[in-house]
Amino acid sequence: MAGEPQDDCLFCKIVAGQIPATVVRQTETTVAFRDINPQAPTHVLIIPRVHYPDIATLGAAEPGIAADLLRESGEVAGEEKLESYRVVFNTGSGAGQTVFHAHAHLIGGRGLEWPPG
């Protein structure tokens with residue numbers, strides 16, 4: 001059922017504490033942790049504690065939690081002392097999504113070209 005933990009979801013297992021992660025911040029609705037394959041000096045994933053496959057589905061079902069991801073992106077960026085940064089949501093495998101649990105990538109600490117690759 002939408003919103004409930006999925007047994008086969010890596011991020012649900014991180015939320016449940018079944019898989020270790022380098023957590024940098026937690027709230028009632030989100031968990032933020034360092035990406036294991038960073039694309040920049042700072043690369044943190046911010047995930048909702050509830051399971052939805054992508055940001056579009058999360059936003060439609062629980063817009064408050066989708067907003068929490070954005071707010072937490074700013075909080076983590078501040079704690080990481082980033083003056084500029086990028087927040088990315090990949091939706092679908094064609095866009096590079098590999099874990100189908102909604103999540104934001106907070107990337108910073110180096111120059112970020114536009115348009116992205």
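Can you work out D for region 74-117 in µm² s⁻¹ from Stokes-Einstein, where Rh is the Kirkwood radius over C-alpha pairs, the temperature is 37 °C and the viscosity is 0.692 mPa s?
279
Can you sort 91, 42 by solvent-accessible area, 1.4 Å probe, largest first?
Descending accessible area places them as 91, 42.
May I ask you to give the solvent-accessible area per residue for the chain, in square angstrom, as obtained with a 1.4 angstrom probe?
Here the residues of the chain average 57 Å² of exposed surface.
Helix 63-79 sits at what angle to the longest principal axis of the chain, using alpha carbons and giving 0 to 90 degrees rounded to 10?
40
Rounded to the nearest 500, what is the 222 nm mean residue ellipticity of the chain from helices alone, with -39500 (n - 2.57) per DSSP H run of 4+ residues and division by all residues?
My calculation for the chain gives -7500 deg cm²/dmol from helical runs alone.
When the Cα centres of region 80-117 and region 1-47 are compared, how far apart do they sit, in Å?
Cα centres, region 80-117 to region 1-47: 15 Å.
Could you look at region 1-91 and say what percent of its accessible area is carbon and sulfur, using a 1.4 Å probe and all protein chains?
51
Relative contact order, percent, of the chain when contacts are C-alpha pairs under 8 Å separated by at least 6 residues?
Normalised by residue count, the contact order of the chain is 29 percent.
The values are calculated or read from the model by the stated rules, or taken from the named source; none is laboratory data. Small disclaimer: the values here were computed from a predicted structure and weren't measured. With ligands, DNA and RNA removed, areas are computed over all heavy atoms of the protein, side chains included. Shrake-Rupley method; radii C 1.70, N 1.55, O 1.52, S 1.80 Å.
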